[in-house]
Amino acid sequence: MDYARFERLIIGVGAAAIVGTAALSLGANADPIELVAQLLLLAVLFGAVRWGRRGGTVAAVAALVAYVAIKGVALSGNLSSPDTLGALVLHTVLYGLVGVLGGETCSRMKGLFARAHDARAIDETSTAYTSRFIARLLGEAVATFQRYNISFSVLVISVDGRATMGMGASDAAGVLRTTAKRLRKGLRLVDEVGRLPWGAFAIILPQTGRAGAQIAGDRLRADLRETLGVDDAAITVRRLTASDDLDAIIALAAEADPSEAEAD
């Protein structure tokens, strides 16, 4: 199982459980606000599974704020009763567990899935995928597109060597790790980040067209500019979409791992 399938499984099972519980509560004449609170948990789950701990945390806070606002309006601002305070604590804990703990767990699961595919999937220097593994993922994405016409895009992001000029090997490796970490923070968990042989990073964006790739590329450029303290000219972003640039993506996969291309 890869992370995309795991994501669909968790969201599907979670949605069934949450909606089913809400439906049972509806039949028992439950408080409509508490039903909404249960459904808000689905948004928290989605944020955690799709974006990891950061997305889960944001979704948990947003859900809690929405719950407090709805509850406050219904009770004319009187939130100090023991029952209401108890409900607030309960939902704070529940949203937090699903959003923060669930998001962290999902992030770790993605690495486990990668290692299950290939024990050498992780580049120890940058902590991104190795060029060999990202080449395999590119090949799988191309095959899926050719068979099922499921679109995807690829970003190739490189930082000018001047960003590490004069640094020792340890400091330069730290910059690589920081770059990979910042890229992952700006992406969904379902997106894949790998280090190419020449030092650039390849990012696979499943079910993403040219417009989405443009937005993601611009956002990641801004993130790296701020994190590394470099200007726009030092960051190169190349955007490729399966519908328009399939041959270029196939060539990129071959460059990332020539041995795989020769084997094919």
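The values are calculated or read from the model by the stated rules, or taken from the named source; none is laboratory data. Quick caveat, the model's predicted, so the values are computed rather than measured. Quick reminder, even Gly has a Cβ in these numbers, built from the backbone with ideal geometry, and neighbours come from all protein chains shown.
Among the residues of the stretch 95-113 satisfying the criterion of being hydrophobic (A, V, I, L, M, F, W, C) and modelled with pLDDT of 90 or more, which is farthest from residue 33 (Cα to Cα)?
To start, the set of residues in the stretch 95-113 that are hydrophobic (A, V, I, L, M, F, W, C) comprises 97-98, 100-101, 106, 109, 112-113.
Cutting the leftovers down to modelled with pLDDT of 90 or more gives us 97-98, 100-101.
Working: 97: 21, 98: 20, 100: 23, 101: 25 Å.
It comes out as 101.
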Flag for residue 50 being of a type in the set (Lys, Arg), free of Cβ contacts under 8 Å to residues at least 12 places away in the same chain and in a helix (DSSP H, G or I):
no
Taking the conditions exactly as written (in a helix (DSSP H, G or I) and farther than 26 Å from residue 58 by Cβ), does residue 158 satisfy them or not?
no
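Specify the residue that is modelled with the highest pLDDT; the eligible residues are those in the stretch 79-94 that are of a type outside the set (A, V, I, L, M) and part of a loop (DSSP other than H, G, I, E, B). Write out each step before concluding.
Here is the first cut: in the stretch 79-94, the ones of a type outside the set (A, V, I, L, M) are 80-84, 86, 91-92.
Now restrict to residues that are part of a loop (DSSP other than H, G, I, E, B): 80-81.
Numbers: 80: 76, 81: 81.
Across the stretch 79-94, the extreme among qualifying residues is 81.
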Answer with yes or no whether residue 52 is buried (at least 18 other Cβ atoms within 10 Å of the Cβ) and out of contact with any Pro (no Cβ under 9 Å at 6 or more places or on another chain).
yes
Pairs under 6 Å by beta carbon, first residue modelled with pLDDT under 90 in the stretch 176-197, partner assigned to a loop (DSSP other than H, G, I, E, B), six or more apart or different chains?
176/125; 176/126
Contact list, first residue from the stretch 55-77 and assigned by TED's automatic domain parsing to the domain that holds residue 98, second anywhere and of a type in the set (S, T, N, Q) and surrounded by 13 or more Cβ atoms within 10 Å (Cβ to Cβ), beta-carbon distance below 8 Å, six or more apart or interchain, is 64/92; 71/84; 75/84
Residue list for the stretch 207-224, filter: closer than 12 Å to residue 158 by Cα and not aliphatic (A, V, I, L, M)
217, 221
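Considering each of 204, 215 in turn, give the residue that is among the hydrophobic types (A, V, I, L, M, F, W, C), within 16 Å of the chain's Cα centre (by Cα), surrounded by 20 or more Cβ atoms within 10 Å (Cβ to Cβ) and not in a loop (DSSP other than H, G, I, E, B).
On the way: 215 fails: surrounded by 20 or more Cβ atoms within 10 Å (Cβ to Cβ).
The unique qualifying residue is 204.
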Between a first residue in the stretch 11-24 that is touching a residue at least 24 places away in the same chain (Cβ under 8 Å) and a second residue that is of a type in the set (A, V, I, L, M), which pairs have beta carbons less than 6 Å apart while being 6 or more apart in sequence or on different chains?
11/49; 14/45; 15/42; 18/41; 18/42
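Test residue 5 against the stated conditions and say whether it is under 27 Å from residue 110 (Cα atoms), buried (at least 20 other Cβ atoms within 10 Å of the Cβ) and of a type in the set (Lys, Arg).
On the way: under 27 Å from residue 110 (Cα atoms): yes; buried (at least 20 other Cβ atoms within 10 Å of the Cβ): no; of a type in the set (Lys, Arg): yes.
Here the answer is no, as residue 5 does not meet what is asked.
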